[in-house]
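Okay, so here's the structure we're looking at.
The values are calculated or read from the model by the stated rules, or taken from the named source; none is laboratory data. Because the structure is predicted, anything quoted here is derived from the model rather than measured. Note that each Cβ is placed from the backbone with ideal geometry, even for glycine, and that neighbours are counted across all protein chains shown. SASA here: full protein model, heavy atoms, side chains in, ligands and nucleic acids out. Shrake-Rupley method; radii C 1.70, N 1.55, O 1.52, S 1.80 Å.
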Amino acid sequence: MNFEANGRSPGQRQRLVVIGNGMAGCRAVEEILARDGDRFDVTIFGAEPRVNYNRIMLSPVLAGEKSFDEIVINGQDWYDDNAITLVSGDRVDHINREAKTVVAASGRIEPYDKLLIATGSDPFIIPVPGKDLEGVVTFRDLDDVDKMLAAAEAGKANGGGDAVVIGGGLLGLEAAHGLSLRGMKVTVVHLMPTLMERQLDEAAGWLLKTELERRGQTILTGANTKQILGADGKVAGIELADGTKVKADIVVMAAGIRPATGLAAAAGLDVERGILVDDHMVTSDPDILAVGECVQHRGLCYGLVAPLWDMCRSLADYVTETPSGFEGTVTSTKLKVSGIDLFSAGDFSGAPGPNGELCEDIVMRDAARGQYKRVVVRDGKLVGAVLYGDTADGNWYFDLMRSEADISDIREALIFGQAFASGGARLDPSAAVAALSDDAEICGCNGVSKGKVLSCIEGGAHSVDAVRATCKASASCGQCTGLVETLLTLSLGSEVESGPKTMCKCTSFRHAEVRELILEKGLREIPQIMQELHWTTPDGCSSCRPALNYYLLCAWPGEYEDDQKSRFVNERMHANIQKDGTYSVVPRMWGGLTNPRELRAIADVVEKFNAPMVKVTGGQRLDIFGIKKEDLPAVWADLNAAGMVSGHAYGKSLRTVKTCVGSDWCRFGTQDSTGLGVKIEQMTWGSWMPHKFKIAVSGCPRNCAEATIKDFGVVCVDSGYELHVGGNGGIKVRATDLLCKVATEEEALEHCAAFIQLYREQAWYLERTAPWIERVGLDTVKAALFDDPETIGRLAARFRYAQQFMQDDPWAKRAAGERADLHNHIATVRPLELEVVQ
C-alpha cells in the first residue's frame, strides 16, 4: 500500500486544525468547503465558549440595537452539518511542529496535517499606572461588552455613570457611542490631534469631533493619559499628562491592536509585526498557514475585513490546489456610528509616488449641508478619498482606486461624483451600479464583490434574503441593501422575489429597520427621518406618516411633540367618525364600573345634543352615537364635569379593561378582578400603541370577562394570577397564549406594564399583539421578558416614564378651546328636493 509522507493513505481526508474560531478562521473554512468539502476533517479551537459571531457587530450589541443571536455568523448547526469538531472555551497554548500536534489549555492534544493559525489581534494596553484596576476593560469580544453593560447598569443609580474611552479610532468611537446610548456620560481621550487619523484628514476629523460633541460626548484630542486613578482597587478616573483629571466608573482601552503572534513565535515560525506569510498565506512552515489580523503580508498588517476575506479566498485556492495568490489590497472604511456618514479609502497623506510623482488634492466643502469631500490624484489615478456627510459615491471612488483607472478625462468633474463625471447632471442609480466592475466591492462587512452577488443571483438567489443567505452581502450592517436590491432588479427585472414588505412605497426600509435607525441615529422629527433615510416622496404618505409619528412618540417620550396632522381622522378628532359624518363618543369607565353621576351626565348629553342612539359596547362602556363635529367640545366639557375622560375608543391605544365582578360578589370568584382591572386601566390609559389594545381580568377560570381573547388577559386562580397574551376576537379569532403565572397583584401590574412596553417597542405600526407574537414567536417574547430577571422592571419603568406624558385627557384640552379649527361647522349636504311636474 502506498502512503503519503505524512503517513496517510491517498484519498484519505487530511486533518485540518484551525486555531481561532473567529471571523477569519471560519471564513477560511467556509471558502475551503465551498471548493472541496471532502478534502479535510476539520477541528476548530476557540478560546471563547461560543460559536463564531460577527465582531464588527459588537457595537450594536453594546448599543442595545442587536442581540448576540442576531450577530452569530455560524451557529452550531453549521459545525454539525459540515462535520466540524468545535472545541470552544479551550485556548491552544502550544504547537509541536515536530509531532504536528497542538496542545490546548485543557491538556487536549490534537494532531494535524495542515494547521491554520487565525488568532487575530490583541488589544494594546497602554503601560500606565492603574491599568490593572478593576473597571479597566478592552473592547474585543462579547465578555468585554458584558462588562460595559454592567457598568452602564450600575451607573443608572448615579444619573448614568461616567465612562472614559482611551482611543479615538474606529473601535473607540463605537464603544463611546454604545455607552452613550446606554446613558453614560462619555469622555473620549485621544493621543493624536485628529480622530481616526489613519482614516481621516484634519478637516474630516474636525467635522467628526464637532458632531460627536454636539451629541453629548466630550472629546479630548492631543491628550496623553498619565495614569488611571483608583479607589479601593476600582477605577475612579484618569489623569492626563497636563494634570487634567476626568472621573470614570469604567475605562475602555481602545488605543489600538497588535497581531497576536505569541503562539506562532513560541513555535519558531518567522514573525515580525505579524506572522510572516506568502501570497498563499503559507508561513515559514509549509504545513502551517495563517490568515487574518495576526499575519504580515508584504510588510503590511491588515485590520479591516475586506482584505482578510481576500486572504481567505487565496488560502482556500491554495489548499484545494487552484492557487491564485493574495497581492494586497486598497482598504476602505465606513464609520458605523449613529447618523454619521463617513467614508475613507486609499492614501490621502499627500506623499509622493514611488517615482516622485506629486499628489494633487481636490476638495469640496458644503457647510450648509455639513458635507466635505477630498480626493487625492497622483499620476492620473485616484489614490485616496475622504467623504463626510455624503458617501453615496464611496463605492465608485473605491472601484477607481482598485482598478487603477486613468481619471484624466473626468478629472474636472471627479469631486462631484459619478453622476457628474459620467456626463449627466443626474445619473440613474441603476446605471451607476451597472457601470461598476465585477470586482467592485458591494458589501464591505463581508468582502462581497458585485461579481459574487451576480453569481449568487444567477445561481437562484432571487431575493435580498436569499442573497444574504448565499454570499452574506447585506447580512451585517445592512448599508449595502440598496445596492443588492439594484443588482437583483438589473438581473431579474420583475422576477425579483419580494422579501418582507417595506413600510410603504416611500422607502426601501422595513418597519423594524426604521425603528432601529430612529434610535441609532437619534432621529427626533419626521422630516429628519425622511431626509436621513432617503424617503422618495417629499412628505411621506398616509401609511408612513402615522407610523413614523408613533415610532417617535415611543422612542422619545417627553421630547417628541405629537404631530396631529400625521394621525388618522379619528385620532385627530378624538372620536369615531360614522357613515353619516357624525361622531360617536365613548367616555372611559374604569374597569367597566360607573356611578349615578356619570350615568346622569351621559343621559343629559344624549338629551341635550339629540343623540339618536346609546349602546352598551362589548368592552363594558356606553357609546353615544350621532354627535355633530361642532358639538364635540361641548359634549366633552359636560362629560369632563362629571369626572369622565376620553375612552380612546378611536385610537391605536389602550381601549378598555373589561372585568367581571370577582370575589366581591361572585360565588366562584377567587380574586378581586374588578379592583385589579381598575388599577390596570388607571395605569395604562392614554398609552399609544402600534394598534388598538384590549385587556380583560376574569375572577376565576370560568373567564366571564373573556380574558383569553384579549391582547393582555388576566385569569384569577386560587394561587394567584394567570397572565395571557396575544388574543383577539374579530374576523380571525385567536385565543391567547399563557405567558406566565404570578402570585400577587403587584406582580400582575408589573408584568402587564412590561409586556405592553415590549410590544410598544418591538411591534410594527398597525400590528396587533396576535400577529406580532405569531411573527416573532412566543418563545422570543418570553426570552425577551424573562431571560434577564431585571428586564421586567426595566421595561415597566420605561412604560411608567412614558405614561407621565401620555395621561393627559385630550377631551379636556379640546373643551378648553384647543384646536377649535377642527370643530368648525361644515355645511350639511342634503339631497335636492325636486319638484315633480305632472
Review point. Which residues in the stretch 608-629 have a backbone N closer than 20 Å to a point placed 7 Å from the Cα of LYS579 along the Cα-to-Cβ line?
Key: 611-618, 623-629
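For the chain, with all protein chains present and a 1.4 Å probe, just round the carbon and sulfur fraction of the accessible area to a whole percent. Please list the in-between numbers first.
Working: 18790 of 37840 Å².
Reported share for carbon and sulfur atoms: 50 percent.
Could you check what % of the DSSP bridge pairs in the chain are antiparallel, to the nearest 5? Provide the component values of the computation, followed by the final result.
Numbers: 73 of 118 bridges.
Antiparallel bridges make up about 60 percent of those DSSP assigns within the chain.
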Exercise for review: Taking the chain as the reference, fit the longest principal axis to its C-alpha atoms, fit the long axis of helix 632-641 to the helix C-alpha atoms, and give the angle between the two in degrees, 0 to 90, nearest 10.
Suggested key: 80
Study note, to complete from the structure: Between ARG258 and residues 5 or more places away or on another chain, the pairs with built amide H atoms under 5 Å apart involve ASP122, PHE124
Review point. If one takes the longest principal axis of the Cα atoms in the chain, at what angle in degrees, from 0 to 90 and to the nearest 10, does the Cα axis of helix 791-806 lie?
Key: 50
Exercise for review: Compute the accessible area per residue over the stretch 69-146, keeping the other protein chains in place, probe 1.4 Å, unit Å².
Suggested key: 49
Check your understanding: Quick one: accessible area per residue over the stretch 613-769, 1.4 Å probe, rounded to a whole number of Å²?
Key -> 36
Revision key, fill the gap. Those trypsin sites (Lys or Arg not before Pro) from the stretch 177-209 that are DSSP loop and have at most 15 other Cβ neighbours within 10 Å turn out to be ARG198
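Can you tell me the FRET efficiency between LYS615 and ASP779 if r is taken as the Cβ-Cβ distance and R0 is 35 Å, rounded to the nearest 0.05? Don't skip to the end; give the middle numbers.
Details: r = 41 Å, r/R0 = 1.16.
My answer for the efficiency is 0.30.
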Check your understanding: Looking at LEU289, TRP685, TYR583, which one has the Cα that reaches farthest to the positive end of the dipole of the chain (charges on Cβ: Lys, Arg +1; Asp, Glu -1)?
Key -> TYR583
Point to revise | Residue (of HIS751, PRO810, GLY793) at the positive-pole extreme of the stretch 680-829, dipole from beta-carbon charges | key: PRO810
Check your understanding: On full extension of the chain, what length is gained from ASP77 through GLU213, given 0.36 nm per residue of separation minus the C-alpha to C-alpha distance?
Key -> 44.5 nm
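Where does the longest stretch of the chain lie that holds no chymotrypsin sites (Phe, Trp or Tyr not before Pro) found in a DSSP loop with 15 or fewer other Cβ atoms within 10 Å?
Working: sites that count: PHE3, PHE124, PHE568, TRP665, PHE668.
That would be 125-567.
With only Lys, Arg, Asp and Glu charged, each at its Cβ (+1 for the first two, -1 for the last two), find how big the charge dipole of the stretch 72-145 is about the Cα centre; round to the nearest 20 debye. Before the final figure, lay out each step's value.
Working: 7 positive and 14 negative charges, 70 e Å.
Around 340 debye, computed over the stretch 72-145.
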Practice item. Compare the Cα positions of GLY120, ILE627, ASN54 along the charge dipole of the chain (+1 at Cβ of Lys, Arg; -1 at Cβ of Asp, Glu; about the Cα centre) and return the one farthest towards the positive end. Key: ILE627
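Where does the stretch 13-107 land on Rg/Rh, using Cα atoms and the Kirkwood Rh? Provide the component values of the computation, followed by the final result.
Values: Rg = 14.5 Å, Rh = 14.3 Å.
Answer for the stretch 13-107: 1.01.
Based on the Cβ-Cβ distance of GLU525 and LEU358, what FRET efficiency does E = 1/(1 + (r/R0)^6) give at R0 = 45 Å, to the nearest 0.05?
On the way: r = 47 Å, r/R0 = 1.03.
Efficiency computed from Cβ-Cβ geometry: 0.45.
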**Study point:** Check: the chain dipole with +1 on Lys, Arg Cβ and -1 on Asp, Glu Cβ, in debye
**Key:** 2600
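Suppose every K and R has +1 on its Cβ and every D and E has -1 on its Cβ; what is the size of the dipole of the stretch 201-284 about the Cα centre, in Debye to the nearest 20? Write out the running numbers ahead of the final one.
Values: 9 positive and 12 negative charges, 100 e Å.
For the stretch 201-284, the charge dipole is close to 480 debye.
Contact order normalised by length for the chain, with contacts defined as Cα pairs under 8 Å and 6 or more residues apart; what percent is it? Before the final figure, lay out the partial values.
Values: 1635 pairs, mean separation 53.8, N = 838.
Taking the mean separation of contacting Cα pairs over the length of the chain, I get 6 percent.
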Check your understanding: Cα-Cα over 19 Å: which of LYS381/LYS452; LYS521/LYS565; LYS579/LYS608; LYS658/LYS710; LYS652/LYS710; LYS452/LYS472?
Key -> LYS381/LYS452; LYS521/LYS565; LYS579/LYS608
Revision key, fill the gap. For Rg and Dmax of the Cα atoms in Å the list reads [x] 31.9, 119; [y] 45.4, 154; [z] 34.0, 107; the calculated value is entry [x]
Check your understanding: If you wrap the stretch 643-708's Cα atoms in a convex hull and average its projection over all directions, what's the area in nm²?
Key -> 4.8
Check your understanding: So what's the gap between the Cα centers of the stretch 246-262 and the stretch 129-150, to the nearest angstrom?
Key -> 8
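Determine, from the Cβ-Cβ distance of MET192 and GLN371 and an R0 of 35 Å, the FRET efficiency 1/(1 + (r/R0)^6), rounded to the nearest 0.05. Provide the component values of the computation, followed by the final result.
Working: r = 24 Å, r/R0 = 0.68.
Approximately 0.90, to the nearest 0.05.
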Review point. Each label point is 7 Å from the Cα along the Cα-to-Cβ direction; what then is the distance between the points at ASP132 and LYS234, in nm?
Key: 2.0
Point to revise | 16 Å reach of a label modelled at THR322, 7 Å along Cα-to-Cβ, counting backbone N of the stretch 29-47 | key: 29-40
**Study point:** Estimated inter-spin distance, ARG600 and PHE568, nm [label 7 Å along Cα→Cβ]
**Key:** 3.7
Exercise for review: Keeping all protein chains in place, calculate the accessible area per residue for the stretch 221-368 (probe 1.4 angstrom), answer in Å².
Suggested key: 44
**Study point:** the stretch 705-736: trypsin sites (Lys or Arg not before Pro) in DSSP loop, at most 13 other beta carbons within 10 Å
**Key:** LYS732
Practice item. Would you compute the Debye intensity of the stretch 524-666 from its alpha-carbon atoms alone, equal scatterers and no solvent, and pass along log10 I(q)/I(0) at q = 0.13 Å⁻¹ to two decimals? Key: -0.69
Point to revise | Label-to-label distance, nm, for residues given as SER106 and ALA431 (7 Å Cα→Cβ offset) | key: 6.1
